[in-house]
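Novice: My questions all concern the structure below.
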């Protein structure tokens, strides 16, 4: 993807911003000076009230939310946020892929829209911040611009992607990566993607109409909770995302020989679980043997036949490695496989690795990163550049437009849990950085 | 259990036998001298033919048998072997606990019966030797005595215990350890023990009538395949079982903290599976750290939530330790628990052990062991004293009478598998040792 030209232009804009906001003018016309724009702030209480109101849709009795994509709760939650979008005077529509779009014209007809947003669907037993913070802040940004009479040069468009948690389905549709055959996949709601998208108001018979081309948008920006605990632990305000890590997944099968646990002496065993146990430790050792922020996880393990009185003949396990550098993912995986072969040789077991998924890292645009950082600093906030270990809709938007992500802290790094929590002040900080980033990109 | 008096009597008899079979007389009256008895041999071809015939009841298309207790195959198989018992002129009945008993009077009205037999039920996907060899050899012993006109002093009784594989249910009933409340347990067949026992011709309303008292039998002897691979690996003919190991079972719960595998740095994890992996290796190390034949196994493991992209927050695993010395079982388990606490401390996880089962080792009678050994040696066979790592009906019979077990080799030690195999010659050897053991015990 060649986004360099646009990046350079943005980098120029940032240079202007970093000169103490002295370059005024063309960026904010009708009713707001550049100085005025820099002073703009969202209505933070309103965002947090909206977060509380949205949390009612699919609320769990024990806390958190289960607003699974394509469920009734999902559809009702979407109706609620579409209402908020209309209050912000956005022109709301649902594209054929089921994504909600709310647009507002800009002053310059020749310019492409700046897109920003996130998602409101949750995992089962999820929390009230993952996705929601980005969506409600995006709507609040649009509402602030309207209330303060600011017309941007670029059109702006707020997006609520459908079914992010089920595999960034909405953004895949917008990037043109959702084929008709994919639509038979059954989502967590029990509906197929096809039925789910149509249930939300999309039209899967015209899916191609939802696809955008590279260059259709001037930029994409997404505010999201960090999910990791880095910002919280280090007491920082804002994360500037460098990229979304690539992910490699492998199914791992360890074959030994199942036998009677009472009658088979210790030195005559080909215990698949004993080999798998060494494998789990080895993965941890190999992944931490190089400097860097790569992570490696064995999340799944099951021994069969799985009785306490039978030596496991087979173990099914997993391997996941994530990093911003795909070459590193592949190198570490190869090392894991080599070491596993040695472990197997020790007790007559064999390891088989089957690659089930390998995604390319999606780098965030350098220019947009600089705008986010400058915007945060201008607001007096502390920042840190960091990778996103989790996947986001932004990874597909990065194919279409220069893309950036803003992280706000997530307490204890807990996410996908009813315990997920971001302090109201941190939500407001994130929304103000989003607002200033959109304005700065618009001024570029 | 005080079985010493009877053991001493048997030991005396063995002493006599070991003097080169010079003490003839009272043991084998009507039609067979003691010398004649020592020369008696079973019809080995007939046993192996019967093994093949019995294998048809519940035969798997891919080999082996699934003659699960209380199934139609089980009942039909029992009808087949009851026919064989009648051919051997045994007086056949089913006790109220569902066990099949076939008796033949002895010459001395004052003497208690000598009991011998095994079981014909199998595990699902089991083999054709576990249990069957003991049952068909026992019937063949009775038939040989009949055909050769040998009347023993003691009455003899051939027993086919029901549902050995589901927890030695029939022998528990005979030992008086089956309570009415136990009968609600659902067996592998899908039937409750109650329905299953009645289906086989037992009468659970009169279960107490099946219970025998200590002293009701003069001895119990069981021929069984070894299941372990010791005799096969060492090229030996006969195993003289020293005892049936005690078994300790624990459920093991490892609690960590489940979190996003992409966003949680390696040094911030409380990975329950990483701790569990160290535990599995540690169990192996602790169990093999002392000399002896004890075995320790982790047969079950499951990580939750069990997704490749989530750090396991909890792992459920098992611990099993078996040995002939219960003190050793307890000592090793305590060591495992101490070491597990240390492993947990390394990454902030906790281990909880819940004892779910702890059985007492059942020692075989020393006198009967000597008779088995002498009988085998007199037949020119090699022997080895060894523990039974598997449970058997003999462990309950040991509460009622001096008890012994004869092992014949099991190829590769494979059992509970369609691949289970004992060579025809080894089956015949086992049956001849059983025959000679019964005769020697009768002569005591």
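Novice: Kindly establish whether residue B:242 is over 30 Å from residue B:112 (Cβ atoms), more than 7 Å from chain A (Cβ to nearest Cβ) and at pLDDT 95 or above.
Specialist: Judged against the criteria, residue B:242 is not a match.
Novice: Any residue at all in the range A:394-403 that's surrounded by fewer than 23 Cβ atoms within 10 Å (Cβ to Cβ) and closer than 23 Å to residue A:168 by Cβ?
Specialist: Checked against the condition, which is being surrounded by fewer than 23 Cβ atoms within 10 Å (Cβ to Cβ) and closer than 23 Å to residue A:168 by Cβ, the range A:394-403 yields at least one hit.
Novice: Then there's this: Among B:207, B:223, B:231, which is within 30 Å of residue B:195 (Cβ to Cβ), in contact (Cβ under 8 Å) with a residue 60 or more places away in the chain, in contact with a helix residue (DSSP H, G or I) (Cβ under 9 Å, 6 or more places away or on another chain) and not in a loop (DSSP other than H, G, I, E, B)? Break it down into steps so the answer makes sense when it comes.
Specialist: On the way: B:223 fails: within 30 Å of residue B:195 (Cβ to Cβ); B:231 fails: within 30 Å of residue B:195 (Cβ to Cβ).
Only one candidate passes the filter, namely B:207.
Novice: Are any of the residues in the range A:367-388 closer than 26 Å to residue A:68 by Cβ, within 14 Å of another protein chain (Cβ to nearest Cβ) and either touching a strand residue (DSSP E or B) at 6+ places or on another chain (Cβ under 6 Å) or in contact (Cβ under 8 Å) with a residue 12 or more places away in the chain (or both)?
Specialist: The answer is yes; a qualifying residue exists.
Novice: Also, quick follow-up: Which condition number in (1) away from every other protein chain (no Cβ under 11 Å); (2) without any contact (Cβ under 8 Å) to a residue 40 or more places away in the chain; (3) closer than 28 Å to residue A:303 by Cα is the one that residue B:181 fails?
Specialist: (3)
Novice: Need the failing condition index for residue B:347 against (1) within 14 Å of chain A (Cβ to nearest Cβ); (2) under 20 Å from the mean Cα position of the chain (by Cα), just the number.
Specialist: Single failed check for residue B:347: (2).
Novice: Based on what the data block shows, is residue B:215 on the phi > 0 side of the Ramachandran plot and free of Cβ contacts under 8 Å to residues at least 60 places away in the same chain? Can you show your working first?
Specialist: Details: on the phi > 0 side of the Ramachandran plot: yes; free of Cβ contacts under 8 Å to residues at least 60 places away in the same chain: no.
Taking the combined requirement at face value, the residue does not satisfy it.
Novice: Take the residues in the range B:312-328 that are more than 9 Å from chain A (Cβ to nearest Cβ) and farther than 20 Å from residue B:253 by Cα; name whichever of them is surrounded by the fewest Cβ atoms within 10 Å (Cβ to Cβ).
Specialist: This residue is B:327.
Novice: How do the helices (runs of 4 or more DSSP H) wholly within the range B:39-147 filter down when requiring 2 or more residues that are touching a residue at least 40 places away in the same chain (Cβ under 8 Å) and more than 21 Å from residue B:408 (Cα to Cα): which remain?
Specialist: Numbers: elements: B:44-54, B:72-87, B:132-147.
Fully inside the range B:39-147 and qualifying: B:72-87, B:132-147.
Novice: Restricting to the range B:216-239, and then to whatever is within 14 Å of residue B:385 (Cβ to Cβ) and modelled with pLDDT of 95 or more, can you tell me which residue is nearest to the other protein chains (Cβ to nearest Cβ)? Give the steps one after another, and end with the answer.
Specialist: At the first step, the residues of the range B:216-239 found to be within 14 Å of residue B:385 (Cβ to Cβ) are B:226, B:228, B:230-231, B:234, B:236-239.
Next cut, modelled with pLDDT of 95 or more only: B:226, B:231, B:234, B:236-239.
Details: B:226: 7, B:231: 11, B:234: 12, B:236: 15, B:237: 18, B:238: 16, B:239: 11 Å.
Result: B:226.
Novice: Restricted to the range A:266-311, and to residues that are more than 7 Å from chain B (Cβ to nearest Cβ) and under 19 Å from residue B:414 (Cβ atoms), which residue is surrounded by the fewest Cβ atoms within 10 Å (Cβ to Cβ)?
Specialist: For the range A:266-311, the residue satisfying everything is A:267.
Novice: Which of the numbered conditions does residue A:187 fail, given that it passes all the others? Conditions: (1) surrounded by fewer than 21 Cβ atoms within 10 Å (Cβ to Cβ); (2) closer than 17 Å to residue A:393 by Cβ.
Specialist: Of everything listed in (1) surrounded by fewer than 21 Cβ atoms within 10 Å (Cβ to Cβ); (2) closer than 17 Å to residue A:393 by Cβ, residue A:187 misses just condition (1).
Novice: Further question on the same structure: Would you call residue B:202 surrounded by fewer than 20 Cβ atoms within 10 Å (Cβ to Cβ) and assigned by TED's automatic domain parsing to the domain that holds residue B:423? Reasoning before the result, please.
Specialist: Details: surrounded by fewer than 20 Cβ atoms within 10 Å (Cβ to Cβ): no; assigned by TED's automatic domain parsing to the domain that holds residue B:423: yes.
The answer is no for residue B:202.
Novice: Across the range B:245-255, what is the number of residues that are surrounded by 24 or more Cβ atoms within 10 Å (Cβ to Cβ) and either in a loop (DSSP other than H, G, I, E, B) or away from chain A (no Cβ under 14 Å) (or both)?
Specialist: Adding up the residues that qualify gives 1.
Novice: Here's something else I'd like to know. Considering only the range B:376-393, state which residues are under 19 Å from residue B:44 (Cα atoms) and buried (at least 24 other Cβ atoms within 10 Å of the Cβ).
Specialist: The answer is B:376, and nothing else.
The values are calculated or read from the model by the stated rules, or taken from the named source; none is laboratory data. Please read all numbers here as calculations on a predicted model, not as lab measurements. With ideal geometry, Cβ positions are generated from the backbone for all residues, glycine too; neighbour counts draw on all protein chains shown.
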